[in-house]
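All remarks here apply to the structure that follows.
Only the coordinates and a few stated rules stand behind these numbers; no lab work does. Quick caveat: nothing in here was measured; it's all calculated off a predicted structure. Backbone-built Cβ (ideal geometry, glycine too); neighbour counts: all protein chains shown.
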Amino acid sequence: MGILLSFVMNEAMRDLRRAGKIGLAAILLIALSLTALGGFWLLSLNLGRAIDQWGDRVRIIVYLKDEPAAAKVDDVLQRIEAVGGIQRLRYVSKAEALRALKRSLGSQADVADQLPRNPLPASVEVTPDAAIATPEGTRALVGRLATVPDVEEVQGGSQWVDGLAQFRRLFQGVGLVIGAVLAVAAILTVTTATTLVLHLRRDEMEIMRLVGATEHVIRAPRLVQGMAQGLVAAIIALAALEIAYALAVPRLEPLLPVTIGLERVTFLSPLQALALIGAGTLLGALGGLLARGRATA
Amino acid sequence: MIRLQHVSMVFGAGPSRVAALSDVSFHIGKGEFVVLTGASGAGKTTLLRLLYRAESPSEGDIDVAGFDVSALRRSEIPRLRRSIGIVFQDAKLLAGRTVFENVAFVLRVLGTARRDITPKAFAALKAVGLSARAQAYPHQLSQGEAQRASLARAIVKSPGLLLADEATGNLDEEMANEILGLVKDIWSRGTTVLFATHQARLVPQLKRRTLRLEGGRLVKDEG
């Protein structure tokens with residue numbers, strides 16, 4: 001078995017050399033496909049992290065119609081909590097809201113002192129339960145809060161996450177389509193390269209059949225050739241992604257906290273990188289298997 | 001070693017139907033040297049192709065080296081062919097490999113142990129007198145040398161049966177006699193030989209049992 005394996009590997013390497021520029025094109029196409037797929041995957045993973053982290057930070061602001069008396073604050077909070085799905089509540093009085101406004105105005109804080117009266121309403125900051133901290137769950141909570149009699153208006157933090165989630169879905173869809181198109185092109189190129197090699201190898205294949213080689217031994221080199229092309233391509237794709245990551249992250253990371261609320265961008269994990277390599281090897285193997293060429297004997 | 005019973009081979013259908021072989025029966029025992037003769041188109045190559053299952057007979061039974069060839073499953077054909085060495089009119093050497101590599105290729109493809117490949121390949125080359133040309137490439141060989149290399153490749157796996165299909169067809173008389181001599185040597189070591197040729201002058205030279213085909217029919221079996 002070891003001898004035959006050695007024979008298959010040697011013949012596959014010989015075929016790779018014979019494939020020449022077409023073989024190289026196949027490798028580059030698979031690399032391109034995997035780089036696109038990997039890039040979309042990377043971005044999608046980080047978007048997903050941003051969406052997941054949102055669940056810890058979201059705040060819904062419930063503006064009250066009137067500021068309750070100190071003794072009635074707990075009653076109001078209980079009525080709000082009764083809608084369900086709430087992890088934490090924090091009451092913000094009109095005075096505290098004005099103080100927060102002055103802090104945000106900074107050196108312009110004395111503008112607020114010119115106001116004849118405090119126009120800011122009392123409010124309750126609501127943190128949803130982790131279990132419902134999704135755009136859909138938040139929307140439902142906002143709807144329930146709006147029915148509480150004490151409530152004037154509810155402002156939720158879900159709109160931008162809705163947009164982010166939709167963008168992520170669109171992104172994933174586009175990435176899959178582009179990746180699939182490139183993958184098909186890559187498979188077809190590997191198939192073409194392998195078919196060319198089979199044509200060049202037809203004399204050898206004829207001899208192999210005449211002397212009693214099994215079909216497995218005859219076909220194995222083209223499978224190995226395809227896998228080798230896919231493996232090399234996957235490594236190239238991974239390297240390209242690493243380089244793009246190293247170049248882009250220093251420029252992107254300062255913007256992430258204020259845009260999507262993400263502190264840092266992570267790269268593919270070792271397991272994910274292995275999955276990418278596996279996908280490349282599989283693409284190459286498919287291309288090799290699909291090649292048709294047969295010496296008659 | 002070889003038994004054919006009422007074997008026919010028909011190609012095509014309707015107006016384009018061609019009977020390449022019609023009701024051919026014969027038996028060749030182990031260790032025999034038999035000449036298969038007939039004009040071009042008589043059915044010699046078709047008969048040989050049936051023996052190594054490059055074709056399936058339209059009718060009849062074929063037994064080769066214990067294999068029921070006519071009923072052989074596709075997956076079993078490699079086993080049959082491992083017991084047969086085949087030499088063609090065209091040497092069919094692999095251009096990108098040396099003479100030694102061409103012969104060793106057979107052993108590598110069949111999974112021969114690495115330590116046995118070189119001695120066996122050189123033994124085969126020695127048997128056909130090509131040891132000195134082991135590192136030459138096919139384009140550097142004469143026709144006679146190329147045919148000897150082809151013979152070495154056919155016998156390197158020590159087959160019980162050697163089929164030669166017009167092995168001297170492309171050679172001049174001197175080279176043809178050389179090849180014939182080598183084939184006889186191979187036969188003398190116990191290999192059964194079926195030697196197909198359209199060259200009538202070789203038949204009396206060989207002084208062997210002769211099967212003659214005409215129009216796909218076996219018209220003579222003598223010797």
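Can you list the aspartates and glutamates whose alpha carbon sits under 20 Å from that of A:Lys72, skipping same-chain ones fewer than 8 residues off?
Hits, sequence-local ones excluded: A:Glu81, A:Glu96, A:Glu125, A:Asp150, A:Glu152, A:Glu153.
What 222 nm value per residue comes from the helices of chain B, counting each DSSP H run with n ≥ 4 as -39,500 (n - 2.57) and dividing by all residues, nearest 500 deg cm²/dmol?
-9500 deg cm²/dmol
Using a simple charge model, +1 on the beta-carbon of Lys and Arg, -1 on the beta-carbon of Asp and Glu, nothing else, what dipole does the range A:75-209 show about its Cα centre, in debye to the nearest 20?
Using Cβ point charges on Lys, Arg, Asp and Glu, the range A:75-209 gives about 160 debye.
Among B:Ala152, A:Ala186, A:Ala213, flag the residue with its Cα farthest along the positive direction of the charge dipole of the protein assembly as shown, charges on Cβ as +1 for Lys/Arg and -1 for Asp/Glu.
Positive-end residue among those listed: B:Ala152.
Output the peptides B:162-174, A:104-116, B:45-57 sorted from most to least packed, where packing is the average of other Cβ atoms within 10 Å over each peptide's residues.
Packing order, densest peptide first, comes out as B:45-57, B:162-174, A:104-116.
With labels modelled as points extended 7 Å from the Cα through the Cβ direction, what inter-label distance (nm, one decimal) is found for A:Phe167 paired with B:Ala13?
Result for the modelled spin labels: 6.6 nm.
Any idea which of B:Leu180, B:Phe100, B:Gln205 is furthest toward the positive side of the dipole for the protein assembly as shown, if Lys and Arg beta-carbons carry +1 and Asp and Glu beta-carbons -1?
Towards the positive end, the residue furthest out is B:Gln205.
How tilted is helix A:158-200 with respect to the longest principal axis of chain A? Cα atoms for both, answer in degrees (0 to 90, nearest 10).
Computed tilt is about 0 degrees.
Please give the Cα centre distance for the range B:60-137 versus the range B:155-201, rounded to the nearest Å.
About 15 Å separates the Cα centre of the range B:60-137 from the one of the range B:155-201.
Put +1 on the Cβ of each Lys and Arg and -1 on the Cβ of each Asp and Glu in the range A:59-156; which of A:Val151, A:Ile80, A:Ala100 then has its Cα farthest toward the positive end of the dipole?
Result: A:Ala100.
Which lysines, on any chain, are close to B:Lys207 with Cα under 16 Å apart, when same-chain ones fewer than 8 places away are left out?
Output for B:Lys207: B:Lys184, B:Lys220.
Mind checking A:3-12 for the average number of partner chain beta-carbons within 10 Å of each residue's beta-carbon?
Mean partner-chain Cβ count within 10 Å for A:3-12: 3.
Within 10 Å of each Cβ in B:108-116, how many Cβ atoms from other chains are there, averaged over the peptide?
For this peptide, the per-residue mean of nearby foreign Cβ atoms is 6.
With labels modelled as points extended 7 Å from the Cα through the Cβ direction, what inter-label distance (nm, one decimal) is found for A:Gln78 paired with B:Glu76?
Rounded to a tenth, the inter-label distance reads 9.0 nm.
For the protein assembly as shown, give the magnitude of the charge dipole about the Cα centre (Cβ charges: +1 Lys/Arg, -1 Asp/Glu; no others), in debye to the nearest 20.
For this selection, approximately 1680 debye.
By a straight-distance test (C-alpha under 17 Å), which lysines pair with A:Lys65 as possible cross-link partners, with residues fewer than eight away in the same chain excluded?
A:Lys94
Residue by residue through the range A:206-213, what is 3J(HN,Hα) from phi via Karplus (6.51 cos²θ - 1.76 cosθ + 1.60, θ = phi - 60°)? Round to whole Hz and write x for glycine and proline.
Coupling constants for the range A:206-213: 5, 4, 4, 5, 5, 8, x, 6 Hz.
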